[in-house]
Each structure stands twice: as C-alpha cells, then as structure tokens.
Amino acid sequence: MRRLVFLVLLLFWMTMNVLLWRAEYGDASHGSRVSREVVIEKIFNAPDASSLQVFQNGKSLGFVRWEIIPDEIYFRGTNQPIGRVESIDGYTLAVDGRVDVEPLQSKLRFTLRTGLDSDLNWQNLLATLDTSKNVWEFQSIRTNQLLEVKYEGALGQWERSTSFDEMHNPAALVDQFAGPALGPLIKPMLPSLGQAQPGGRVGPLSLGLEWDAYNDAMRLGSTRVRIYRLEFKLPGERQITVRVSRVGEILQVQFPGQLLMDNESIPLRKPKEP
C-alpha cells in the first residue's frame, strides 16, 4: 500500500512539473500562447538595438541593424527628479542594412526611419534603397495621404507620387516605381496592403499577415533561456519566425528559402571546425 501511495504521489509530482514546464516554456513543437500586445511592448521598449547578420544556406550576405528610439518626455519643474522620464510621446523605428543580392550582382543598401505616436500609429516615413547604380527614396507623411518617390540612376531621374487610395494594389505600385531591376524581386513578396471601404476610401494600411506570439525557450551558448516566438503566416503554408528575448531584443529571424538573420552579439551559430 505504501508503495502504491508513493507511486501515485510520484506520478502526480511528475505530471505537475510537466504542466508547469509547458506553461513556462511551451512544448517542443508549439509553445503556450502569449498576448501579442505584451511582446510588442517589450520590443518597443528594448534597452538595446539589435544587430543581425544575414545568412542564406549558411553563407553570409550582409547585416541589418534594428533600433527603436523612444521620444521621452522628462519631468519638469524644480521639485521634480532631474533626468527622470515622465512619459513616452512616441517612437522612431530605425532600420539600416546592406545585403548581397545575387540577381542584381550588387549590394543592396537600405535605410528606414518611421515615426510613430505613443499608440504605435505611424506618422511619417523616410526610406532609401541603393544598389550603387540606382537609388530610390520614399517619403510619406500620414496627414498628407500621399507616398512620394524619387529615383536617380541608370534610367535617369524622376519624381512621382501616389495617393493612399491607390495603395491597395501594391503590384501596380511596384510596376510603376521599382522598375525592371527591383520589380521582379519585390512582387512575389507583396501582401495586400488594404481593402477598399464604402465610399471608395481605403482602410488603414496593414501587412496583411496573420501572426501569433508564444512562450518558448532556446539555447544560447550552453544556457537554455526563455524567449518569445512570433509566427507570421505567409501564402502557401510558409511562415516567418521571429525569436525575441524577454527584454525585447531581436534574437533571430527565419524566412522561407533558408534565409536567416542571427543576432551577432549572441552565440546562436555553432563555430566552424578548423
């Protein structure tokens, strides 16, 4: 009888530990779901920038640097603590990178600066694409409801603009703005950017991607640590997987086609044998 009671208690203890572990880390295949808002807040308040190396089939292609800069409002007045943040008025999303693009036989350099308000609604955008022979500049202010594009390169110089009402058809915009060099590369990756609403108005722009967030764990060096895992669903049962630290730093991004971005300051890749 004592052995039976002991075995029952042992099984109960093991079951509770398994359930607690799954709640904390998630199972190996999926993980427990977590609020997307929680992860977004972590990412937008990460203490450091994320510097990522880009690989395809194990070959280094370049780098991407991702940083979110808060527009902080400090306490004012003689009786308030000096240098203490009172609130966040907004954010600037800054992305810079350089990658080798084999079809172009060139390095693609890009920059992005996007201003967002405290509710993460975008307010303005400035982006550039530079292939050494061709340079595109994209600029938009939300209140103007226009996207302005400037081009300088092998095809001369031009400036064009399009209204937000026309942006629900991104393929047509690529034909108009990207030209024969970048167009064939960009169009296969394009989601729908919006849907027409009654009265002909186009709703808020979105990436058109379904995504969810999960608790997970991964091994960093010799240590297994808790992380968040984001899964973005793409057409054709493909997906983009983003792994984020508990403080909001981007650790890894996996794309279809063996394209991978690893945080260069964290030991995610095994060293090559001599």
*List every residue whose amide H lies under 5 Å from the amide H of Val34, counting only residues 5 or more places away in sequence or on a different chain, with H placed 1.01 Å from N in the peptide plane.*
Ala213, Tyr214, Asn215
*Here are some pairs, Lys59/Lys133; Lys150/Lys233; Lys107/Lys150; which of them have Cα atoms lying more than 26 Å apart in this structure?*
Lys150/Lys233
*Rounded to the nearest 0.05, what FRET efficiency do Ser106 and Ile40 give with R0 = 35 Å and r taken as the Cβ-Cβ distance? Could you check?*
0.50
*Heavy-atom accessible area of Ser132 with all protein chains present, probe 1.4 Å, nearest 10 Å²?*
80
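Hey, can you rank 224-236, 244-256, 35-47 by average C-beta count inside 10 Å, highest first? Show your work: numbers first, answer last.
Details: 224-236: 15.7, 244-256: 18.2, 35-47: 14.0.
Going by the mean number of other Cβ atoms within 10 Å, highest first, we get 244-256, 224-236, 35-47.
The values are calculated or read from the model by the stated rules, or taken from the named source; none is laboratory data. Nothing here was measured: the structure is a model prediction, and the numbers come from that model. Glycine also receives a Cβ, built like all others from the backbone with ideal geometry; neighbour counts cover every protein chain displayed. These accessible areas exclude ligands, DNA and RNA; they are computed on the full protein's heavy atoms, side chains included. Shrake-Rupley method; radii C 1.70, N 1.55, O 1.52, S 1.80 Å.
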